[in-house]
Amino acid sequence: MSDKIILKTENLGITFGGLKAVGDFNMELREKELVGLIGPNGAGKTTIFNLLTGVYQPTEGAIILDGQTMNGKKPHQMAKAGICRTFQNIRLFKGMSVLENVKVAFGQNMKYNVAQGIFRTKSYWQEEKEIDEKARELLKMFHLEEFAGNLAENLPYGQQRKLEIARALAGSPRVLLLDEPAAGMNPTETAELMESIENIRRSFDLSILLIEHDMSLVMGICERIIVIDYGMIIASGTPYEVANNPKVIGAYLGE
Ligand SMILES: Nc1ncnc2c1ncn2[C@@H]1O[C@H](COP(=O)(O)OP(=O)(O)OP(=O)(O)O)[C@@H](O)[C@H]1O
Ligand SMILES: [Mg+2]
């Protein structure tokens with residue numbers, strides 16, 4: 001972790017109709033930092049990701065990536081700028097193979113133009129080969145290489161979740177947003193996934209914001225945890241600080 005702040009929000013908020021789903025959200029994410037974003041169901045966690053990725057436009061406040069205000073940017077612009085994500089509900093290309101799913105995600109950064117693609121020029125094949133290799137490397141990181149030729153939809157659920165992360169990494173993110181990546185996994189798969197997330201942070205030059213609502217899952221790997229409830233930050237700090245905060249205990253026990 002360095003001291004450089006890569007992503008910052010200032011009083012970020014959004015109101016749907018009369019309901020303030022997120023308000024006064026102030027966060028700083030440093031380079032290579034792994035921060036947990038936790039909170040009960042409906043607290044506003046996914047809404048924060050939707051704001052950070054341009055799916056929703058904030059009704060208040062600012063999003064600042066590496067010193068640049070990102071308000072008004074569309075999802076593809078956010079992705080290009082380096083904020084990549086996974087979704088709470090898996091969104092893979094079901095009819096495509098595992099390998100193709102990752103290659104398509106790389107393809108969004110491809111250099112060759114349509115004409116080169118149609119006429120299959122030498123540079124097209126060169127780039128195609130590079131992408132194939134890079135995609136296979138990513139699959140290897142998640143122990144998915146043996147399934148490269150299988151249809152994505154036929155993978156067990158836990159593997160599909162990992163494939164989603166591999167896809168997000170293909171976008172060369174500076175900030176990776178993971179929305180409940182362990183949802184639906186058994187305890188063994190979850191423990192493995194948490195380890196992979198730590199590895200990713202170490203091997204790639206990126207910061208991670210990790211949503212989870214089971215606090216115990218993120219405690220072990222996050223340097224810092226932000227807790228939200230009813231759209232507002234109720235606590236933040238080290239896992240130890242947060243776990244011993246009476247407000248957090250109250251939110252989780254529903255007091
Ligand atoms: N597009 C929308 N229109 C209206 N209300 C919305 C919209 N998106 C989110 N909300 C509301 O904002 C609140 C926060 O929802 P959000 O999905 O961010 O919660 P969450 O913390 O991700 O919950 P979960 O743990 O269940 O995934 C909820 O009350 C939700 O109904
Ligand atoms: Mg959610």
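Structure values in brief
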item	result
Structure-based [θ]222 nm, the chain - -39500 (n - 2.57) summed over DSSP H runs of at least 4, per residue, nearest 500	-11500 deg cm²/dmol
All lysines inside 27 Å of LYS45 as judged from Cα atoms, apart from same-chain residues fewer than 8 positions distant	LYS4, LYS8, LYS20, LYS32, LYS73, LYS74, LYS80, LYS94, LYS162, LYS247
Debye log10 I(q)/I(0) at q = 0.11, 0.15 Å⁻¹ for the chain, Cα point scatterers	-0.61, -1.09
Under-5 Å amide H pairs with GLN57, H placed in peptide plane, nonlocal only	none
Protection-proxy order for peptides 77-90, 124-137, each taking the mean of Cβ atoms within 10 Å per residue, highest first	77-90, 124-137
Radius 13 Å from Cβ of ARG120, net charge of other residues (Lys, Arg +1; Asp, Glu -1)	0
Cut-off 13 Å between beta-carbons: net charge of the residues surrounding GLY67, Lys and Arg +1, Asp and Glu -1	-1
Gain in span if fully extended, GLN57 to GLN88, counting 0.36 nm per residue against the direct Cα distance	9.2 nm
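Taken together, the values in this text are just the output of simple stated rules run on the coordinates, not laboratory data. Just so you know, these numbers come straight off a predicted model, no measurement behind them. FYI the Cβ positions are ideal-geometry reconstructions off the backbone, even for glycines, and counts take in every protein chain you see.
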